[in-house]
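Novice: Once you've had a glance at the structure underneath, I'll fire off some questions.
The values are calculated or read from the model by the stated rules, or taken from the named source; none is laboratory data. This structure is a prediction, so every number in the text was calculated from the model and none was measured. We place every Cβ from the backbone using ideal geometry, glycine too, and count neighbours over all the protein chains shown. The area values use the complete protein model at the heavy-atom level, side chains included, leaving out ligands, DNA and RNA. Shrake-Rupley method; radii C 1.70, N 1.55, O 1.52, S 1.80 Å.
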Amino acid sequence: MAIDLLSQITASIVDGDSDLTVASAKQALDSGIEPMIIIENALVPGMRVVGEKFSCGEYFLPNLIMAANSMKLAMQLLEPELRARQQTVKSRGTVVIGTVHGDIHEIGKSLVATMLSANGFDVHDLGVDVPIDKILSAVKETGASLVGLSSLLTTTMIMQKKVIEALAGAGLRSQVKVMVGGAPVSRKWAAEIGADGYAEDAIGAVDLALRLAAS
Ligand code: B12
């Protein structure tokens, strides 16, 4: 039953049927399935299929947009549930997060931001297509100790390196630990550009942030 429901959510993402995505996500929540299971085992796999179909020319941009919209609407339902389940009292640190300049992919970055905030971090989400200067100002204004940079395009990964260089240029590099992520990003890339850590998904991002905050 739970597996059927999760498969139905995945299929509805692939079809871009936002009404069905939201209705079945609600049904899954009501039947006691944890929100993170719904996200990781139903929504994210659906987005992966959509990406593959786009890659091989079976899907076009409108299909990506419809799938992304379905996922965003489902996230609006699931985010408060995620937060409600993982409340912590004391702040674990301040994080500035955003998708780098030139890149408008927001779903993964927002999921990481939600999970960090659900785990006690004070999160300043700068959104998408964020210019380097805005990141530097946010770090100065908030006194953040962590910066999260998301990039979903091979062409925008280089912006992660540029942000790290700009932080160093502004004398802020020793104040912050930089985490990088996004589908084309790897541990190897993170090491190459001098980032402090890489995580593959939102749960890994929380583990990484906790480790970096304690170091
Ligand atoms: C949805 C989508 C879109 C939507 C985005 C809508 C939105 N509001 O976000 C729209 C339609 C706008 C879009 C546009 C484009 N897209 Co697009 N898109 C996707 C798609 C299908 C899914 C991305 C997604 O949301 N995944 C689900 C989330 C949950 O996963 P995620 O983003 O990877 O995030 C997780 C991890 O990576 C990690 N993570 C992410 N960020 C961070 C940050 C930190 C600090 C850490 C630690 C971890 C972390 O944790 C997240 C949660 O688990 C991907 C395919 C794919 N497989 O990635 C293509 C994809 C990324 N897009 C692609 C392309 C080419 C484009 C366009 C150039 C298309 C075009 N011709 O216009 C434009 C680019 C516009 C721009 N300038 O940014 C390509 C990129 C190819 C490449 N190698 O560069 C992909 C891979 C599709 C493909 N297979 O060809 N896209």
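Novice: Once R0 is set to 30 Å, what does the formula 1/(1 + (r/R0)^6) return for the Cβ-Cβ distance between D15 and K140, expressed as a FRET efficiency to the nearest 0.05? Before the final figure, lay out each step's value.
Specialist: Details: r = 45 Å, r/R0 = 1.51.
After rounding to 0.05, the efficiency reads 0.10.
Novice: Right, something else. I need to check one value: relative contact order of the chain, counting alpha carbon pairs closer than 8 Å and at least 6 residues apart, in percent.
Specialist: Computed over the chain, the figure is 16 percent.
Novice: Convex hull volume of the Cα atoms in the stretch 3-102, per residue, in Å³? If you can, show how the numbers build up before the last one.
Specialist: Values: hull volume 11.4 nm³, N = 100.
It comes to 114 Å³ per residue, whole-number rounded.
Novice: Can I ask one more? 5 Å is the cut-off here: which amide hydrogens, built 1.01 Å from N in the peptide plane, fall below it relative to T156, excluding neighbours closer than 5 in sequence?
Specialist: Distant-sequence amide H within range of T156: zero hits.
Novice: Oh, and also: Return the single residue from S150, S12, S91 with maximal mean-square fluctuation; model: Gaussian network over the chain, springs between Cα atoms under 10 Å.
Specialist: S91
Novice: What is the spin-label model distance, in nm, from E40 to K162 if the labels are put 7 Å beyond Cα along the C-beta direction?
Specialist: Here the modelled spin labels are 3.4 nm apart.
Novice: For the chain, set up a GNM with springs between Cα atoms under 10 Å and report which of S145, S174, S24 has the largest fluctuation.
Specialist: Of the options given, S174 has the highest mean-square fluctuation.
Novice: Heavy atoms only, probe 1.4 Å: what % of the accessible area of the chain goes to carbon and sulfur, would you let me know?
Specialist: Values: 5810 of 10500 Å².
Percent of accessible area from carbon and sulfur atoms in the chain: 55.
Novice: Right, here's the next one. K177's amide H: which non-local residues (gap 5+, or another chain) put their own amide H closer than 5 Å, with H modeled 1.01 Å from N in plane and none for Pro or chain starts?
Specialist: Answer set, sorted by chain and number: L146, V147.
Novice: Here's another thing I want to ask about it. Where only protein heavy atoms count, and the probe is 1.4 Å, what is the accessible area per residue for the chain in Å²?
Specialist: 49
Novice: Going by amide H atoms built from the backbone, whose H comes under 5 Å of the H on H124, apart from near neighbours?
Specialist: Those lying under 5 Å, H to H, from H124 are V95, V96, I97.
Novice: Still on this structure, please answer the following. Hey, what number do you get for the chain at 222 nm if only DSSP H runs of n ≥ 4 count, each worth -39500 (n - 2.57), divided across all residues, to the nearest 500? Write out the running numbers ahead of the final one.
Specialist: Values: 10 runs with 123 residues, N = 215.
For the chain, the value works out to -18000 deg cm²/dmol.
Novice: Hey, what do the phi angles of the stretch 181-197 turn into as Karplus ³J(HN,Hα) couplings, whole Hz, using 6.51/-1.76/1.60 and θ = phi - 60°, x for Gly and Pro?
Specialist: x, x, 3, x, 7, 9, 4, 4, 4, 4, 5, 4, 9, x, 6, 8, x
Novice: Cα-based Rg (one decimal) and Dmax (whole number) for the chain, in Å?
Specialist: Cα only, the chain: 17.5, 55 Å (Rg, Dmax).
Novice: Let me ask something else about it. Can you tell me the length gained on complete extension of the stretch A23 to N63, counting 0.36 nm per residue apart and subtracting the Cα distance?
Specialist: 12.4 nm
Novice: Also, quick follow-up: When we measure straight from the Cα of K26, which lysines land under 22 angstrom away, once same-chain ones fewer than 8 places off are left out?
Specialist: By straight Cα distance, K26 reaches K72.
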